[in-house]
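Asker: Could you have a look at this structure, given as structure tokens, before my questions?
Just so it is clear, none of the values below were taken in a lab; they were calculated from the coordinates. Since the structure is predicted, the reported quantities are computational estimates derived from the model, not experimental observations. Reconstructed Cβ throughout: ideal geometry from the backbone, glycine too, with neighbour counts over all protein chains shown.
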Amino acid sequence: RRVLVVNGPNLNLLGRREPEVYGTETLSDLEERCRRTATELGLEVDARQSNHEGVLVDTVQEAMTGHGGVIINPGGYTHTSVALRDALAALPVPVVEVHLSNVHAREAFRSHSYVSPVAAAVIAGAGVTGYDLALRFLAERLVRPA
Ligand code: DQA
């Protein structure tokens, strides 16, 4: 019942980075929120952030054995990374792709995701609440596997 929560590039700047798009909560606020929600749902959270594609691949690979599910906001790598998608596709556990902003209401290049086809669920535009929703989805999935 341990869930891996992965935030990709530039999400370390949350709260300061385009707050009108991404909100004012910092990354540590967000991670704290995830831990709180997870506890309520009987889950445990392992929270990671990296700006580096290869580090994100290594982190995702940890969930091959160590976690019951993965929540990932791949940031800009959403729209570029075949390697990250391949790492996620290899996982035997459900993946939820989360975006703070509604990527479909922004520049056209943000509408395409390499990750979505290998995700069990995709949540965009719900801000930090999207992570709560993702945890809730995984809590249901983990007790009642499809
Ligand atoms: C994002 C959306 C991406 O297009 C962007 O590159 C990000 C953040 C989001 O959470 O809305 O870095 O994933």
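Asker: Evaluate 2.2 N^0.38 Å with N set to the residue count of region 71-146, then give the Cα radius of gyration divided by it. Before the final figure, lay out the partial values.
Answerer: On the way: Rg = 12.3 Å, N = 76, 2.2 N^0.38 = 11.4 Å.
My calculation over the Cα atoms of region 71-146 gives 1.08.
Asker: Assuming 0.36 nm per residue, please report the length gained on full extension of the stretch Glu40 to Ala83 beyond their Cα-Cα distance.
Answerer: On the way: separation 43, 0.36 × 43 = 15.48 nm, distance 3.36 nm.
Full extension from Glu40 to Ala83 adds 12.1 nm.
Asker: Between Asn102 and Met64, what length in nm is gained on full extension when 0.36 nm per residue of separation is reduced by their alpha carbon distance? Before the final figure, lay out the partial values.
Answerer: Values: separation 38, 0.36 × 38 = 13.68 nm, distance 2.92 nm.
Here the answer is 10.8 nm.
Asker: Follow-up. For Ile72, Ile123, what ranking results if the residue with the fewest other Cβ atoms within 10 Å of its Cβ goes first?
Answerer: On the way: Ile72 27, Ile123 20.
Ranked by crowding around the Cβ, least crowded first: Ile123, Ile72.
Asker: Another question about this same structure. When the helices in the chain are scored as -39500 (n - 2.57) per DSSP H run of 4 or longer and the sum is shared across all residues, what 222 nm value do you end up with, to the nearest 500 deg cm²/dmol?
Answerer: Details: 5 runs with 52 residues, N = 146.
The helix contribution divided over the chain gives -10500 deg cm²/dmol.
Asker: Further, regarding this structure: Semi-axes, largest first, in whole Å: what does sqrt of 5 times each Cα gyration tensor eigenvalue give for region 51-99? Kindly include the intermediate steps, with their values, before the conclusion.
Answerer: On the way: eigenvalues 54, 27, 17 Å².
Here the semi-axes work out to 16, 12, 9 Å.
Asker: Same structure again: Which of Glu53, Glu31, Glu97 moves the most in a Gaussian network model of the chain with Cα springs under 10 Å?
Answerer: It is Glu53.
Asker: Based on the Cβ-Cβ distance from Ala120 to Leu13, what FRET efficiency comes out when R0 is 35 Å, to the nearest 0.05? Don't jump to the answer; show the numbers that get you there.
Answerer: Values: r = 28 Å, r/R0 = 0.80.
Between Ala120 and Leu13 the formula returns 0.80.
Asker: Let me ask something else about it. Return Leu88, Leu133 ranked ascending by Cβ neighbour count within 10 Å, so the fewest neighbours appear first. Before the final figure, lay out the partial values.
Answerer: Working: Leu88 26, Leu133 16.
Taking fewest neighbouring Cβ atoms as first place, the list is Leu133, Leu88.
Asker: Still on this model: In what order do Tyr131, Tyr114 fall by count of nearby beta-carbon atoms within 10 Å, going from fewest to most?
Answerer: Numbers: Tyr131 26, Tyr114 18.
Placing the least packed residue first, the sequence is Tyr114, Tyr131.
Asker: Here is a follow-up. For Val21 and Ala90, what is the calculated FRET efficiency with R₀ set at 30 Å and r taken between the beta-carbons, to the nearest 0.05?
Answerer: On the way: r = 31 Å, r/R0 = 1.05.
Here the calculated transfer efficiency is 0.45.
Asker: Over the Cα atoms of the chain, what Rg and Dmax result, in angstrom?
Answerer: 13.9, 39
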